[in-house]
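Have a look at this one before I ask anything.
None of the figures in this text is laboratory data; all of them are computed from the coordinates on show. Quick caveat, the model's predicted, so the values are computed rather than measured. Virtual Cβ from ideal backbone geometry, glycine too; neighbours counted across all protein chains shown.
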């Protein structure tokens with residue numbers, strides 16, 4: 001139940017992010033989730049998209065530095081304590097989270113999680129009967 | 001194979017006798033035909049007959065790039081224009097270009113030293129040489145060209161630029177040798193990866209690279225990218241162009257064709273001649289050239305000379321790979337910095353590419369150095385922690401090598417302009 005997240009290295013240059021979204025739009029790639037992490041000099045855009053391989057190819061052709069990173073996307077009820085439950089499980093299993101981003105809307109909450117030990121994350125969460133999204137689910141979100 | 005064993009393997013005494021008689025004739029020529037030199041020699045009270053040995057070179061005056069500019073364009077020619085068959089000029093970044101002239105015999109001499117160079121790298125009749133040096137007033141293209149034809153190789157005179165066409169010719173014409181600047185070689189190597197060309201379609205076996213300083217680490221990177229053995233060819237238009245010195249298979253420095261170009265190493269401050277093995281500025285006296293011989297020309301290149309025996313059998317003196325030109329050297333907060341030093345730090349790290357740029361600024365009367373480094377497209381991480389780790393390691397390694405701190409900025413692959421001629425490694429915004 002691993003999902004391919006698109007990671008893009010972006011230099012701190014005006015218009016660079018717009019260029020990225022333009023290419024995705026032109027290639028008919030839908031973005032499910034997106035986050036931008038920034039340092040003083042550069043940014044890292046991480047996205048869950050509908051067609052990651054196609055997006056990667058299009059972006060690379062346009063000169064972007066793109067990688068595919070395996071992440072887990074957990075689906076949970078939009079109510080207090082849902083995310084805490086997931087993190088508690090990971091902590092008990094002594095799994096470190098490298099980064100995560102989450103969003104909730106109309107009764108459903110989603111958390112994208114990255115860890116160096118991503119297969120274990122998926123396994124552990126599934127053992128605890130948590131629902132993980134697969135690549136094919138993404139259009140239905 | 002050795003192209004001219006009689007000259008390239010001459011014993012020291014033979015070589016000195018050869019050099020002495022050529023030097024005497026050269027001094028007579030410049031004294032009689034170049035007012036600039038006659039005045040210089042007369043001012044020192046030196047008559048052409050006074051100089052009888054190479055040992056006496058140190059008594060003679062130097063020639064500098066400024067002298068060439070002052071005598072622009074043809075003031076240092078010994079021959080009337082009717083006997084000059086070719087003119088080359090190097091683009092001066094500031095002011096006038098440096099102009100050099102060649103007689104018919106000079107062109108023949110140039111082809112001879114380039115033929116020796118190519119043979120030294122193991123290139124022979126049957127090889128196909130893709131010459132991706134610029135053709136034109138720059139000496140790289142035509143210099144390699146005549147030498148390559150002389151050894152009977154097949155020449156592809158493609159000149160520089162148009163990477164797609166370079167790759168097409170390289171594969172379709174089965175080029176076995178690539179000659180260009182090392183930075184362009186690296187660029188072509190990357191383009192092969194990018195275009196997904198199969199290694200089976202590339203038939204290169206040897207690279208002849210020069211015209212800009214490069215490090216051993218960059219050599220290994222290019223060799224790995226192109227699956228070749230890479231050789232350094234050294235030259236400068238003032239002396240003749242490429243073919244002043246060349247690396248043999250031992251790769252323990254470049255053999256200088258000292259029967260035509262006598263090298264010396266001097267201290268750039270005191271101008272005293274330094275013994276073999278000491279680092280200093282390289283100086284050449286061109287004893288055979290007809291149209292524009294130069295006496296003790298200061299190259300501004302920093303290197304060392306070695307005369308210990310070379311396993312290849314050649315007795316020619318060797319010069320180390322140049323550390324850089326005295327005018328490439330940056331003085332940042334009083335510390336001498338060569339781009340080649342930065343390059344060697346980057347090349348030792350797997351996560352970076354040889355593409356970098358140094359930007360020097362002066363803020364509040366303090367010099368600052370920024371080093372832009374492209375992240376490696378094949379080998380990068382989406383983890384900011386790891387990228388920052390790379391940045392800190394570059395920072396640490398630069399500081400421990402240079403003794404000054406720099407701002408390291410990671411930039412996107414291909415964001416630093418690729419050179420088709422010489423790479424622009426330095427942007428100095430201090431306007432000193």
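What angle, in degrees between 0 and 90 and rounded to the nearest 10, separates the Cα long axis of helix A:16-26 from the longest principal axis of the Cα atoms of chain A?
Its long axis makes an angle of about 80 degrees.
Cα-Cα pairs above 20 Å in the stretch B:8-165: how many percent?
Numbers: 7884 of 12403 pairs.
Counting pairs separated by more than 20 Å, the tail of P(r) holds 64 percent.
Next question. So what is the 222 nm mean residue ellipticity for chain A from helices alone, if each DSSP H run of at least 4 adds -39500 (n - 2.57) and you divide by all residues, rounding to the nearest 500 deg cm²/dmol?
Result for chain A: -9000 deg cm²/dmol, rounded to the nearest 500.
So what's the angle, to the nearest 10 degrees on a 0 to 90 scale, between helix B:384-402 and the longest Cα principal axis of chain B?
30
Fewest first, what order do B:34, B:335, A:112, B:287 take by the number of other Cβ atoms within 10 Å? Show your work: numbers first, answer last.
On the way: B:34 20, B:335 12, A:112 23, B:287 26.
Lowest to highest Cβ neighbour count: B:335, B:34, A:112, B:287.
Cut-off is 10 Å between beta-carbons; in what order do B:82, B:237 appear when sorted fewest neighbours first?
Working: B:82 6, B:237 21.
The most exposed by this proxy come first: B:82, B:237.
In whole Å, what is the distance between the alpha-carbon centres of the stretch B:9-87 and the stretch A:58-98?
74
How much of the DSSP beta bridge set in the protein assembly as shown is antiparallel, as a percent to the nearest 5?
On the way: 76 of 101 bridges.
The antiparallel proportion sits near 75 percent.
Run through the DSSP bridge list for chain B and note the antiparallel percent, rounded to the nearest 5.
Working: 41 of 66 bridges.
Here the antiparallel bridges make up roughly 60 percent for chain B.
Right, another one. To two decimal places, what compactness ratio does the stretch B:1-327 give when its Cα radius of gyration is scaled by 2.2 N^0.38 Å? Walk me through the numbers on the way to the answer.
Numbers: Rg = 19.7 Å, N = 327, 2.2 N^0.38 = 19.9 Å.
Here the Cα radius of gyration is 0.99 times the empirical estimate.
In the stretch A:3-69, how does Rg compare with the Kirkwood Rh, expressed as the Rg/Rh ratio over alpha carbon atoms? Show your work: numbers first, answer last.
Values: Rg = 10.8 Å, Rh = 11.7 Å.
My calculation puts Rg/Rh at 0.92.
Still on this model: For chain A, what class follows from the C-alpha gyration tensor (a ≥ b ≥ c being the square roots of its eigenvalues): rounded when a/c is under 1.5, otherwise prolate if a/b is larger than b/c, else oblate?
Numbers: a/c = 2.01, a/b = 1.71, b/c = 1.18.
Cα axes put chain A in the prolate bin.
In addition: Take peptide B:375-384, look around each residue's Cβ out to 10 angstrom, count Cβ atoms belonging to other protein chains, and average those counts. Could the numbers behind the result be given before it?
On the way: counts 4, 1, 7, 0, 0, 5, 5, 17, 8, 9.
Across B:375-384, the average partner-chain Cβ count within 10 Å equals 6.
Further, regarding this structure: With both partners inside the stretch B:82-219, how many of the DSSP beta bridges are antiparallel, as a percent to the nearest 5? Kindly include the intermediate steps, with their values, before the conclusion.
Working: 5 of 16 bridges.
If I count the DSSP bridges inside the stretch B:82-219, around 30 percent turn out antiparallel.
Here's a follow-up. Using R₀ = 45 Å, calculate the FRET efficiency as 1/(1 + (r/R₀)^6) where r is the Cβ-Cβ separation of residue A:83 and residue B:407; round to 0.05.
Working: r = 38 Å, r/R0 = 0.85.
The pair residue A:83/residue B:407 has a calculated efficiency of 0.75.
Ok, one more. If you fit an axis through the alpha-carbon atoms of helix B:12-33 and take the longest principal axis of the Cα set of chain B, what angle between them do you get, 0 to 90°, nearest 10?
Rounded to the nearest ten degrees, it is 70.
A follow-up question, please. For peptide A:96-106, how many partner chain Cβ atoms fall within 10 Å of a residue's Cβ, on average? Intermediate values should be presented prior to the final figure.
Numbers: counts 0, 0, 5, 4, 0, 0, 0, 0, 0, 0, 0.
Per residue, the number of nearby Cβ atoms from other chains is 1 on average.
Please compute the alpha carbon radius of gyration of the stretch A:71-140, then divide it by the globular-protein estimate 2.2 N^0.38 Å. Two decimals is fine. The partial results should precede the final answer.
On the way: Rg = 11.4 Å, N = 70, 2.2 N^0.38 = 11.1 Å.
In units of the 2.2 N^0.38 Å rule of thumb, it is 1.03.
Just to compare against my own numbers: the Cα pair-distance distribution for the protein assembly as shown, 20 Å bins, whole % per bin, please.
18, 42, 25, 11, 3, 0
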